[in-house]
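**Q** What follows is a structure written as structure tokens; I'll ask about it next.
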Amino acid sequence: MALSILKEQPKSYREKSPEELKARIADAKQRWGERLVILAHHYQRMDIVPFGDFLGDSFALSQKAAMQPKVERIVFCGVHFMAESADILTPPEVKVYLPNPYAGCPMADMAPKLQVDRAWEELGQVTSETVIPISYMNSAAVLKAFCGRNGGLICTSSNARQALSWAFDHGQKVFFFPDQHLGRNTAKRMGIAEDERILWQPGLPLGGNSEEAVKKAKVILWKGFCHVHMNFDLESIQALRKENPDIHIVVHPECREEVVDAADAFGSTKFIVDYVSKQKPGTAIAIGTELNLVQRLAHEYPEMTILPLQKDGCATCVNMYRTKLTDLAWNLDLLDKEDDSLLIQVPEPVRSEACIALDRMLEIGG
Ligand code: 13P
Ligand code: SF4
């Protein structure tokens, strides 16, 4: 992720009390009215969430960003690729900001454009079949542009299956990046056999595969992963089930194949929120996703027992956790001063090419 930090946050923000910061944020929201929209991802801190005009998963938030007729400014409480996507999907006059410019996504950085270009070239040399690139939303704008340019599209964890179906209507093979697990879990449930899903290891000739394996493959999975979701394992599921045979286990599709297979249900952060909301009081649920969301759900549903799947609590996305009240208050103060230090702006032609791939995603739905 390219960072261009124009300004450091003044120390005075860290000296203010949470009440003072909240009052400042609420005032700014009132002053800006409909001209300002704050989008908040489900993984945001508990004290940031109430300030979101919309709270959602990455699909729903990109949809919201694209549908704001009166808005002049969007403040995205999330990570860098989310703010970039919002900028791509909104008209040029709508300005998009990321309150903490250090909030990136390590998985999004696992597919550098140069390596993806090289892989694409190698694939073209080995197969004459049409390969459709699909990039997970958790990727840099240049990769989204790559998909737009090469007849592909973007997916999120809520529409990966629809995206793969779309791709197979338009070609014979799918090149899926950067998250191998979302790609594998989705392809598996679509009946794509194990030897038709191959792993592409960047840096190795043909990604470490034989020519024959590439020719046979239907889905080529980039070797990327989310380190947060790698904390969940089969042993934890088995131990929890032994302790409580009635426990429900719901996980995010960024988890490993064996974790998703052993869970009762899996889906996007919105899916997880909806899943919990449908359970009866007294239900015990272990959740395999980022800790902020699990803690918030436990707080919202005290009549249920809601636990993190990994008991040591290490499944925290430090990047999602970066956005604090101080950052949001500072961002809103900067808006008043017409100061664009926290602006996220995707340059042309990347913006237009990425928009093609994102529009295809919005068309297939969530
Ligand atoms: P969702 O698309 O489910 O909101 O997830 C985004 C993400 O970053 C998960 O780690
Ligand atoms: Fe990226 Fe993982 Fe954090 Fe999601 S949880 S933003 S994939 S690092």
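The values are calculated or read from the model by the stated rules, or taken from the named source; none is laboratory data. Just so you know, these numbers come straight off a predicted model, no measurement behind them. Every residue, glycine as well, gets a Cβ built from its backbone with ideal geometry; the counts of neighbours run over all protein chains shown.
**Q** What are the pairs, 6+ residues apart or on separate chains, where a residue within segment 102-120 that is free of Cβ contacts under 8 Å to residues at least 40 places away in the same chain and within 17 Å of Ser85 (Cβ to Cβ) has its Cβ under 9 Å from a residue that is within 16 Å of ligand 1 (Cβ to nearest atom) and in a loop (DSSP other than H, G, I, E, B)?
**A** Once the first residue is free of Cβ contacts under 8 Å to residues at least 40 places away in the same chain and within 17 Å of Ser85 (Cβ to Cβ) and sits in segment 102-120, its partners that are within 16 Å of ligand 1 (Cβ to nearest atom) and in a loop (DSSP other than H, G, I, E, B) give Lys113/Ala140.
**Q** I'm checking my understanding of the structure. Among residues of segment 273-290 that are touching a residue at least 40 places away in the same chain (Cβ under 8 Å), within 16 Å of ligand 1 (Cβ to nearest atom) and not acidic (Asp, Glu), which one is nearest to Leu61 (Cα to Cα)?
**A** Pass one, segment 273-290, residues touching a residue at least 40 places away in the same chain (Cβ under 8 Å): 273, 284, 286, 288-290.
When the remaining residues are screened for being within 16 Å of ligand 1 (Cβ to nearest atom), the result is 273, 288-290.
Next, only the ones that are not acidic (Asp, Glu) stay: 273, 288-289.
Values: Val273: 15, Gly288: 21, Thr289: 18 Å.
Checking each candidate, the answer is Val273.
**Q** Going through Ala217, Ala262 one at a time, which residue ends up being among the small types (Gly, Ala, Ser), under 30 Å from Thr127 (Cα atoms) and modelled with pLDDT of 95 or more? Working first, answer last.
**A** Working: Ala262 fails: under 30 Å from Thr127 (Cα atoms).
Criteria check complete, one pass: Ala217.
**Q** Now for a separate question. What residue, of Leu334, Leu307, Leu293, is within 30 Å of Trp32 (Cα to Cα) and more than 14 Å from ligand 1 (Cβ to nearest atom)?
**A** Working: Leu307 fails: within 30 Å of Trp32 (Cα to Cα); Leu293 fails: more than 14 Å from ligand 1 (Cβ to nearest atom).
Only one candidate passes the filter, namely Leu334.
**Q** Here is a further query. Is there a residue in segment 164-181 that is surrounded by fewer than 21 Cβ atoms within 10 Å (Cβ to Cβ), more than 16 Å from ligand 1 (Cβ to nearest atom) and under 18 Å from Gln115 (Cβ atoms)?
**A** no
**Q** Scanning for something under 23 Å from Leu143 (Cα atoms) and either touching a strand residue (DSSP E or B) at 6+ places or on another chain (Cβ under 6 Å) or surrounded by 15 or more Cβ atoms within 10 Å (Cβ to Cβ) (or both), does segment 229-241 turn up at least one residue?
**A** Taking segment 229-241 first, the residues under 23 Å from Leu143 (Cα atoms) are 229.
Filter again for either touching a strand residue (DSSP E or B) at 6+ places or on another chain (Cβ under 6 Å) or surrounded by 15 or more Cβ atoms within 10 Å (Cβ to Cβ) (or both), leaving 229.
Scanning segment 229-241 turns up at least one residue that is under 23 Å from Leu143 (Cα atoms) and either touching a strand residue (DSSP E or B) at 6+ places or on another chain (Cβ under 6 Å) or surrounded by 15 or more Cβ atoms within 10 Å (Cβ to Cβ) (or both).
**Q** Still on this structure, please answer the following. Within the bounds of segment 94-102, is there any residue that is assigned to a helix (DSSP H, G or I), within 15 Å of ligand 2 (Cβ to nearest atom), within 30 Å of Ala145 (Cα to Cα) and modelled with pLDDT of 95 or more? Even if it seems obvious, please write down each step before you answer.
**A** Of all residues in segment 94-102, those assigned to a helix (DSSP H, G or I) come to none.
Looking through segment 94-102, none of the residues is assigned to a helix (DSSP H, G or I), within 15 Å of ligand 2 (Cβ to nearest atom), within 30 Å of Ala145 (Cα to Cα) and modelled with pLDDT of 95 or more.
**Q** Can I ask one more? Kindly state which helices (runs of 4 or more DSSP H) lie completely within segment 224-327 and contain at least 1 residues that are in contact with a helix residue (DSSP H, G or I) (Cβ under 8 Å, 6 or more places away or on another chain) and over 30 Å from Leu21 (Cα atoms). I'd like the intermediate steps shown before the answer.
**A** Details: elements: 234-243, 257-262, 269-277, 291-300.
Output list reads 234-243, 257-262, 269-277.
**Q** Do we have Val219 as more than 30 Å from Tyr321 (Cβ to Cβ), buried (at least 22 other Cβ atoms within 10 Å of the Cβ) and either β-branched (Val, Ile, Thr) or away from ligand 1 (no atom under 16 Å from the Cβ) (or both) here?
**A** On the way: more than 30 Å from Tyr321 (Cβ to Cβ): yes; buried (at least 22 other Cβ atoms within 10 Å of the Cβ): yes; either β-branched (Val, Ile, Thr) or away from ligand 1 (no atom under 16 Å from the Cβ) (or both): yes.
Yes: the conditions hold for Val219.
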